[in-house]
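**Student:** Sending over a structure as structure tokens; questions will come in a sec.
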Amino acid sequence: MASITPVEKTPQPEMTSENWAKMAAYVEKLGQEAEQLRRELEAAKVHVPSAVRPQLNKPNCFSGRPGSIDAWAAHMDVYVSGATPTEALLVATSYLEGEAFSWWQSYSARSEVCDWQTLREALKNRFNPPNKVQAARDLLHKWKQVKDVSSNNKSFQSIILDIPDITVAEIV
């Protein structure tokens with residue numbers, strides 16, 4: 001049978017005010033180092049390797065065609081998710097063409113746009129008709145089922161998508 005050798009206790013330093021001050025300074029230094037590491041990690045913005053990220057469909061270019069800004073912006077929201085606000089803005093503007101790109105050149109020269117959300121709202125204000133909801137409500141009021149069920153469902157759905165505050169009772 002093996003004998004157990006008692007472990008000698010390491011003598012602890014006496015907790016004098018000088019030792020407390022040293023320990024407090026050491027804890028403060030550790031806190032500063034942790035904060036520095038946090039800032040470095042934040043600045044590095046570690047990206048997930050593309051092998052792990054799902055492959056996203058690239059959005060079509062937006063040319064300013066009436067009635068298409070909402071769908072394009074929703075697709076762009078998905079495409080730039082995870083990007084920094086500046087990266088998202090650069091990506092979104094690279095998908096503008098024609099009238100939309102010409103508008104962007106003029107708009108960016110006179111307005112401060114620093115992120116995708118600001119651009120998104122400006123594009124919607126510019127390329128959505130001012131009376132879009134009322135026009136959709138008018139179409140819904142006049143809407144009749146005249147074709148096959150599939151075609152009618154598609155036209156009905158496209159109308160109600162333009163009415164964000166539509167109630168279930170109105171849909172039925």
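**Student:** Just the number, please: carbon plus sulfur as a percent of the accessible area of the stretch 89-172, 1.4 Å probe, no ligands or DNA/RNA counted. The partial results should precede the final answer.
**Tutor:** Details: 3170 of 5790 Å².
In the stretch 89-172, the share of accessible area belonging to carbon and sulfur is 55 percent.
**Student:** Using +1 on the beta carbon of Lys and Arg, -1 on that of Asp and Glu, and nothing else charged, what's the dipole of the chain about the Cα centre, debye to 20?
**Tutor:** Details: 19 positive and 21 negative charges, 174 e Å.
Value, rounded to 20: 840 debye.
**Student:** Accessible area per residue for the stretch 21-125 in Å², computed with a 1.4 Å probe and the full protein assembly in place, what is it? Walk me through the numbers on the way to the answer.
**Tutor:** On the way: 7260 Å² over 105 residues.
Per residue, the stretch 21-125 has an accessible area of 69 Å².
**Student:** Using mean projected area of the Cα convex hull in nm² as the read-out, say which of (1) 16.7; (2) 11.2; (3) 25.6 was calculated from these coordinates.
**Tutor:** Of the listed options (1) 16.7; (2) 11.2; (3) 25.6, (3) comes from this structure.
**Student:** Among the complete DSSP H segments of the chain, which ones combine at least 24 Å of alpha-carbon extent along their axis with a mean Kyte-Doolittle hydropathy of -1.0 or more? Write out the running numbers ahead of the final one.
**Tutor:** Working: long enough: 17-44 (40 Å, -0.84).
What comes out of the filter, once short or polar helices are dropped, is 17-44.
**Student:** Defining a contact as two alpha carbons under 8 Å apart and six or more residues distant in sequence, what relative contact order in percent does the chain show? Spell out each step's value before the answer.
**Tutor:** Details: 84 pairs, mean separation 29.6, N = 172.
So the answer I get is 17 percent.
**Student:** Which shape class, rounded, prolate or oblate, goes with the stretch 74-118 when its Cα gyration tensor gives a ≥ b ≥ c as root eigenvalues, a/c under 1.5 marks rounded, and past that a/b bigger than b/c marks prolate? Can you show the working numbers first?
**Tutor:** Values: a/c = 2.63, a/b = 1.45, b/c = 1.81.
Since a/c reaches 1.5 but b/c is at least a/b, the shape of the stretch 74-118 is classed as oblate.
**Student:** So what is the calculated 222 nm ellipticity per residue for the chain, using -39500 (n - 2.57) for each DSSP H run with n of 4 or more, over all residues, to the nearest 500 deg cm²/dmol? Show your work: numbers first, answer last.
**Tutor:** Values: 8 runs with 101 residues, N = 172.
Value at 222 nm, helices only: -18500 deg cm²/dmol.
**Student:** Dipole magnitude of the stretch 112-172 about its Cα centre, charges +1 at Lys/Arg Cβ and -1 at Asp/Glu Cβ only, in debye to the nearest 20?
**Tutor:** It comes to approximately 320 debye.
**Student:** On to the next question. Straight-line reach from LYS144: which aspartates and glutamates have Cα under 20 Å away, leaving out those fewer than 8 places along the same chain?
**Tutor:** Within the straight-line cut-off, LYS144 pairs with ASP162, GLU170.
The values are calculated or read from the model by the stated rules, or taken from the named source; none is laboratory data. If you're wondering where the values come from, they're calculated on a predicted model, not measured in any experiment. Cβ sites come from the backbone with ideal geometry, for glycine too, and all protein chains shown count toward neighbours. Note: accessible area is taken over every heavy atom of the protein model, side chains too, but ligands, DNA and RNA are not part of it. Shrake-Rupley method; radii C 1.70, N 1.55, O 1.52, S 1.80 Å.
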